[in-house]
Amino acid sequence: MVTTHNLGFPRIGAKRELKFGLERYWKGESSREELKALGAQLRARHWNDQRELDLAPVGDFAFYDQVLDMSFTLGNLPARVQGFHGDKLDNYFRVARGRSAQDAEEHAACCGGVAAGEMTKWFDTNYHYIVPEFTADTTFNLDTSGFLEQLREAREQGVKAKPVIIGPITYLWLGKAKDDSDKLALLARIMPVYRALLDYFKVMDVEWVQIDEPVLVTELDPAWRDAFVTAYQGFEERGVKLLLATYFGQLKENLELACGLPVDGLHIDAINAREEIALAARKLPAHSVLSVGAINGRNIWKTDLNAALEWLTPLARKLGDRLWLAPSCSLLHVPVDLASEHKLDAEIRSWLAFALQKLDELKVLATALNGGRDKVANQLAANAAAIAARRESPRVNNPAVKAALARIDAKLGNRQHAYAERAAKQAALLELPAYPTTTIGSFPQTAEIRHARSQFKSGALDRAGYRAAMRREIERSVREQEALGLDVLVHGEAERNDMVEYFGEQLDGYAFSQFGWVQSYGSRCVKPPILFGDISRPRAMTVEWISYAQSLTNKPMKGMLTGPVTILNWSFVRDDQPRSVSCYQLALAIREEVLDLEKAGVRVVQIDEAALREGLPLRRAQWGEYLRWAVESFRITANGVRDETQIHTHMCYSEFNDIIASIAGMDADVITIETSRSDMELLDAFDDFNYPNEIGPGVYDIHSPNIPTQQHIVQLMQKAAERIPAQRLWVNPDCGLKTRQWAEVIPALTNMVAAAKTLRSRV
């Protein structure tokens with residue numbers, strides 16, 4: 001009989017219950033006990049949703065991030081938070097976001113907060129994790145309290161529990177040494193703690209433990225490959241069974257390594273590594289389980305169940321009880337329940353599957369394999385009809401878009417002249433001081449903005465009323481920026497619900513869910529639009545709002561757009577054509593908007609590409625092709641303008657150093673990047689690379705409520721000036737300010753502007 005299991009479940013809740021619970025607690029509006037009770041309620045609900053699985057994950061729930069949870073389980077806390085008193089959960093939030101609830105900070109005499117942990121992307125997803133920190137002196141001490149609580153809850157609920165942990169090699173690989181030490185030198189210290197954790201699971205009567213090692217789908221040098229052998233040999237004497245889980249890519253040269261490790265089962269992502277399944281079945285020891293990730297855990301399209309059964313059936317005959325079925329990866333990356341989507345276009349809805357529907361698909365596959373397809377004939381027929389309807393729908397294909405794509409040539413991506421000549425013209429036109437100040441685009445999404453948007457969507461506020469409300473908020477943002485003394489202003493994006501969804505709503509080829517929320521980090525959720533067909537722009541999307549903002553001030557006003565690569569990577573993308581084709585379609589659509597902004601007199605246009613690095617294939621050998629079409633798509637979008645129009649782009653929360661040449665190849669006049677949490681470490685790339693254009697290293701960590709001091713900003717910019725000539729440096733936050741409150745933003749930007757003035761006085 002085929003065994004079914006799941007690698008992880010969305011923790012945020014179908015209606016974002018965890019998000020709102022966290023934010024209430026951080027504001028001091030609810031108690032710690034209420035937050036913990038909410039966590040228990042969500043876990044109970046999610047286990048109930050997975051009750052028909054043979055094994056359900058335990059330990060995949062986190063109040064902020066699963067990697068941070070693992071750091072606390074291993075006792076690996078940054079030194080700056082080790083001395084704090086109070087509840088462990090509050091210390092956890094200090095690492096995650098710089099502080100916990102206000103009353104907890106007062107109790108700990110820590111009103112100013114601490115530096116939050118660095119945050120970066122989880123492999124090639126839009127999920128962000130808190131980076132583990134290491135030094136040569138790092139020690140580890142097991143803390144099982146989190147698992148104790150969850151295992152007890154699961155047992156009381158009758159859950160067939162499979163604890164989920166991040167494996168030792170992936171944990172070390174994900175972390176960052178804060179000195180010159182070798183992370184792998186810590187393996188000997190961390191392994192006893194892992195062995196003790198497995199011993200603890202044995203005492204708790206656990207049979208199977210899922211140990212996640214997604215780093216196996218990357219290119220590992222010999223030292224890291226050897227570390228796998230060393231680490232897993234250390235697990236040979238254990239009282240629990242280990243399922244080694246890999247996902248997000250192909251194992252390739254690491255397949256033999258993975259199959260040879262002394263574990264009891266191996267999970268392979270069959271969405272990305274389908275061709276490796278048969279090979280793994282041959283190479284695994286005769287007693288080992290092969291878990292096949294046959295359901296896409298990262299996208300929302302229905303699985304072609306009949307096609308899946310065609311290749312799963314012979315595998316099931318060969319492996320028998322040794323075949324397990326699961327989604328390809330944790331379902332953290334998809335929304336919870338399609339059944340809530342009553343407003344979604346019915347035809348498009350019939351093509352989709354969210355987390356709960358993916359578990360239903362898993363059940364259908366297992367039933368067919370265990371009892372024959374006749375047991376699920378109706379489900380298979382309905383699935384086949386939906387797959388065929390999507391393939392044949394005229395809504396998916398637009399001949400005019402395909403014709404426009406065919407007309408793309410190299411000239412479309414080139415500016416009229418090189419940066420040096422453009423920069424001189426822009427300087428004469430904009431007349432900016434040294435160290436010009438700006439922000440990344442958004443200002444706080446206030447209660448008034450959200451109320452007006454809600455009223456407009458419900459029909460209680462007409463379009464004229466909504467337009468007037470948004471204009472009031474835009475004017476407020478402009479007046480606040482003028483009072484602060486910023487040099488290049490933004491309109492604040494009051495009218496935008498999300499930097500991707502807002503544009504998708506105005507492009508043909510997109511559909512939108514009502515409750516399709518996915519966790520990005522902590523309490524931050526996004527609702528990715530559904531890119532189902534060929535993309536085109538029927539009308540201007542931003543010109544009215546930005547033109548109005550420019551009419552309110554004599555200072556330069558940035559037009560704010562999201563770039564094609566980021567719109568692509570932060571959407572649920574169609575899987576019936578190459579991603580590059582969809583990206584070029586988006587590039588042509590956003591190019592039209594850039595040109596319309598220029599015609600409207602906007603002299604500065606920012607095209608955010610926050611997700612450029614995120615979209616890189618996990619294997620370096622495959623980077624070249626992705627970067628070719630990604631950079632070309634940006635250039636098509638940006639480079640139709642005159643020399644005098646200044647093009648900005650923005651990137652955040654990724655490691656950029658290894659693709660800095662491609663970033664330079666985008667040829668944006670100004671790039672702003674996140675550097676505050678890494679203490680300008682991201683600028684190390686400029687030690688060996690002469691970046692040709694202007695750059696704004698983010699000096700204000702907007703994902704923490706802590707307010708940066710003027711002195712701290714000056715120090716960060718001085719570090720930047722050691723690598724980039726001062727005349728090419730801008731001063732700005734590291735990201736948009738929509739998640740912050742005006743009470744935090746005003747003093748932070750006041751300090752930022754003051755720091756810029758100090759820097760100017762030293763030029």
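Where in the range 500-584 are there trypsin sites (Lys or Arg not before Pro) that are in a DSSP coil and have at most 15 other Cβ atoms within 10 angstrom of their Cβ?
Numbers: sites: Arg524, Arg539, Lys558, Arg574, Arg579; in loops: Arg539, Arg574.
Those satisfying the criteria are Arg539.
Considering all different alpha carbon pairs of the range 70-199, the Kirkwood hydrodynamic radius works out to 16.2 Å. Here the gap between Val763 and Arg539, fully extended at 0.36 nm per residue and compared with their Cα-Cα distance, gives a gain of 76.1 nm. Kindly state, to the nearest 0.05, the FRET efficiency for Ser458 paired with Glu482, given R0 = 35 Å and r defined as their beta-carbon distance. E(calc), rounded to 0.05, equals 0.55. Students often get this wrong: which residues of the range 740-763 have the backbone nitrogen under 14 Å from the point 7 angstrom along Cα-to-C-beta of Gln727? The answer is 763, whose backbone nitrogens lie closer than 14 Å to the label point. Label positions at Leu595 and Arg274, each projected 7 Å from the Cα along the C-beta direction, are separated by 3.9 nm. In this simple spin-label approximation, Arg282 and Ala418 carry label points 7 Å from Cα along the Cα→Cβ vector, and these lie 5.5 nm apart. Relative to a virtual label point 7 Å from the Cα of Thr709 in the Cα→beta-carbon direction, which members of the range 57-93 show backbone nitrogen distances below 15 Å? Under 15 Å, as judged by backbone N against the label point of Thr709, lies no residue of the range 57-93. Calculated accessible area for the range 358-452 comes out at 51 Å² per residue, all protein chains present (probe 1.4 Å; ligands, DNA, RNA ignored).
What FRET efficiency comes out for Glu219 versus Tyr466 if R0 is 41 angstrom and r is the Cβ-Cβ distance? Round to the nearest 0.05.
0.20
Within the accessible area of the range 92-225, the carbon and sulfur atoms contribute 49%, probe 1.4 Å, all protein chains present.
Here the Karplus curve 6.51 cos²θ - 1.76 cosθ + 1.60, taken at θ = phi - 60°, turns the phi angles of the range 578-594 into couplings of x, 4, 4, 5, 4, 5, 5, 4, 5, 4, 5, 5, 6, 4, 4, 5, 4 Hz, with x standing for Gly and Pro.
Taking GluC sites (Glu not before Pro) as exposed when DSSP calls them loop and at most 16 other C-beta atoms lie within 10 angstrom, the chain has its longest site-free stretch at 238-430. Rounded to the nearest 500, the 222 nm mean residue ellipticity of the chain from helices alone is -13000 deg cm²/dmol, with -39,500 (n - 2.57) taken per DSSP H run of at least 4 residues. If you plug the beta carbon distance of Asp688 and Ser181 into 1/(1 + (r/R0)^6) with R0 = 25 Å, you get a FRET efficiency near 0.65. Taking every protein chain into account, the accessible area of the range 1-58 amounts to 40 square angstrom per residue (probe 1.4 Å).
Test of understanding: what is the full-extension gain from Lys425 to Gln82, defined as 0.36 nm times their sequence separation minus their Cα-Cα distance?
Numbers: separation 343, 0.36 × 343 = 123.48 nm, distance 5.29 nm.
Length gained, Lys425 through Gln82: 118.2 nm.
Model label points for Arg620 and Lys202, set 7 angstrom from Cα along the Cα-to-Cβ axis, are 4.0 nm apart.
Near the amide H of Ile130, within less than 5 Å, lie the amide hydrogens of Val67, Leu68, all on another chain or at least 5 residues away, with H placed in the peptide plane. Checking the cross-link pairs Lys302/Lys738; Lys36/Lys527; Lys162/Lys318; Lys176/Lys719 against a 29 Å limit on the alpha carbon distance flags Lys302/Lys738 as lying beyond it.
What does the accessible area per residue of the range 233-353 come to in Å², with a 1.4 Å probe and no ligands, DNA or RNA counted?
Counting only protein heavy atoms, the per-residue value for the range 233-353 is 36 Å².
Per-atom-type breakdown for the range 655-756 gives carbon and sulfur 48% of the accessible area (1.4 Å probe, protein chains only).
Each distinct pair of alpha carbons in the chain adds a 1/r term; the inverse of their mean, the Kirkwood radius, is 27.2 Å.
The values are calculated or read from the model by the stated rules, or taken from the named source; none is laboratory data. Here the structure is a predicted model, which is why all the values come from computation and not from measurement. Please note: Cβ atoms are built from the backbone with ideal geometry, for glycine as well, and neighbour counts cover all protein chains shown. Protein only, heavy atoms only, side chains kept; ligands, DNA and RNA dropped before computing areas. Shrake-Rupley method; radii C 1.70, N 1.55, O 1.52, S 1.80 Å.
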